[in-house]
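The structure appears right after this line, and notes come after that.
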Amino acid sequence: MRLILLGAPGSGKGTQGPILAERFDVPVISTGDILRAAVAEQSKMGQQAKSYMDKGELVPDEVIIGIMQERLAMDDAQNGFILDGFPRTTPQAEALSQMLRETFSVAIDNVINLEVSEEELVDRLGGRRVCSQCGATFHIEAAPPKQEDICDRCGGKLVQRDDDKRDTILKRMQVFREQTSPLVTYYDDQGLLCTVRATGSVDQISTGILSAIGK
Ligand code: AP5
Ligand code: ZN
């Protein structure tokens, strides 16, 4: 299964990705997670990426495409993958198709367009907490941890992401509208798009995604 999760910031890509990955026994590849790991390691690429991420802007296409070329060549991606947060621009989508076709002789099976109102997105991101150790995602109201600010899975401390401040959230929404939403038409024209209304419980949405792709 080769699936793209397309959706605005906060639409649930990071929540649904691991559920689908387990169902299809393929890795989730999240460009946001790869970039945040590079920031934490303070690598040169991480330091460059941080300045864009903190402003809610996209990291330049050539950096992201280079990262994905390396990641998709790894052994665990050869039988499929769930992409979370990539592609995000038309040049990234074109580079992905070319990479898959020319290097691996495969293609994307489906693109899931997760639809949520902008008002709910802002609430979701404002209330998000992530584990500083294992990366698990929570929400202070919709998916609270059993113990305040402590990760249920590993006991790590829960923190707010640097880019989940209100002004940065609004900027990320604008960037999504301007640079990423054209991919909805791009993939619809290729007959790959499945739009899923992504409100309700996490389980309901997973079921909606699976039924949209006929699984
Ligand atoms: P990235 O990490 O990809 O962030 P994003 O796209 O803004 O998406 P989020 O992680 O914010 O949201 P999500 O859809 O995963 O939602 P989640 O499941 O967490 O990118 C960060 C930055 O990196 C970018 O701004 C950019 O700078 C850079 N970058 C990354 N990829 C790039 C690329 N390809 N090109 C260029 N730059 C790139 O859910 C959100 C909250 O809602 C959580 O609290 C969750 O618990 C809650 N929630 C989930 N489902 C539900 C539900 N059904 N009901 C209620 N609450 C829910
Ligand atoms: Zn944890």
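Here are some notes:
- Residue that is nearest to ligand 2 (Cβ to nearest atom), among those in the stretch 184-203 that are within 20 Å of E118 (Cβ to Cβ) and of a type in the set (S, T, Y): T199
- Residue in the stretch 99-119 that is buried (at least 20 other Cβ atoms within 10 Å of the Cβ), assigned to a helix (DSSP H, G or I) and away from ligand 2 (no atom under 16 Å from the Cβ) present: no
- Within the option set I29, I4, I65, being over 20 Å from L192 (Cα atoms) and buried (at least 16 other Cβ atoms within 10 Å of the Cβ) holds for one residue only, I65.
- Of residues in the stretch 145-158 being within 11 Å of ligand 2 (Cβ to nearest atom) and outside any loop (DSSP other than H, G, I, E, B), the one surrounded by the most Cβ atoms within 10 Å (Cβ to Cβ): L158
- Qualifying residue in the stretch 54-69 (condition: touching a residue at least 60 places away in the same chain (Cβ under 8 Å) and part of a helix (DSSP H, G or I)): yes
- Verdict on R88 being within 12 Å of ligand 1 (Cβ to nearest atom), over 23 Å from E22 (Cα atoms) and at pLDDT below 95: no
- Unique residue being outside any helix (DSSP H, G or I), more than 10 Å from ligand 1 (Cβ to nearest atom) and in contact with a helix residue (DSSP H, G or I) (Cβ under 7 Å, 6 or more places away or on another chain) when the list is I19, I29: I29
- Only listed residue being at pLDDT below 95 and over 20 Å from N110 (Cβ atoms), chosen from R177, R161: R161
- Residues that are modelled with pLDDT of 95 or more and on the phi > 0 side of the Ramachandran plot are absent from the stretch 57-77.
- Note on the stretch 32-51: among residues that are under 30 Å from T185 (Cβ atoms) and surrounded by 16 or more Cβ atoms within 10 Å (Cβ to Cβ), the one that is nearest to ligand 1 (Cβ to nearest atom) is G32.
- Out of L5, L96, one residue alone is closer than 22 Å to L170 by Cα and either touching a residue at least 24 places away in the same chain (Cβ under 8 Å) or over 17 Å from the mean Cα position of the chain (by Cα) (or both). It is L5.
The values are calculated or read from the model by the stated rules, or taken from the named source; none is laboratory data. In this text the structure is predicted, and so the values were computed from the model without any measurement. We place every Cβ from the backbone using ideal geometry, glycine too, and count neighbours over all the protein chains shown.
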